[in-house]
Amino acid sequence: MAFTKRRRFIEGQSNQAHKPLKQVRFLRQIEISELMVSANNFNAGYAEASVLGTPKDKLAQPEKPKIKAGLSAEEIGKIARGWNP
């Protein structure tokens with residue numbers, strides 16, 4: 001997928017799926033968007049799981065802890081290990 005098409009895809013996503021992507025750096029947004037396209041899954045839950053699985057160095061604010069209501073820090077760690085073997 002060409003860079004401009006990827007960027008348009010990111011900019012054109014629904015607000016629900018777009019909101020979690022704002023928490024990661026632009027190149028990680030592209031990676032997550034490519035995963036969403038290849039999985040044909042464009043819902044907000046998939047985007048949130050992708051963000052939770054993102055390493056700290058690819059977050060927009062790495063000093064800010066990842067928080068998801070209903071998940072403990074240990075569970076978030078398991079998600080991160082699953083996304084980054």
Going by C-beta contacts inside 10 Å, put E48, E74, E34 in order with the fewest on the left. E74, E34, E48
Relative exposure of L21, L59, judged by other C-beta atoms within 10 Å (fewest first): L59, L21
If the cut-off is a Cα-Cα distance under 18 Å, which aspartates and glutamates reach K56, setting aside same-chain residues fewer than 8 apart in sequence? E31, E48, E74, E75
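Values in this text are rule-based calculations from the coordinates and carry no lab data. No experiment lies behind these values; they were computed from the predicted model shown. Every residue, glycine as well, gets a Cβ built from its backbone with ideal geometry; the counts of neighbours run over all protein chains shown.
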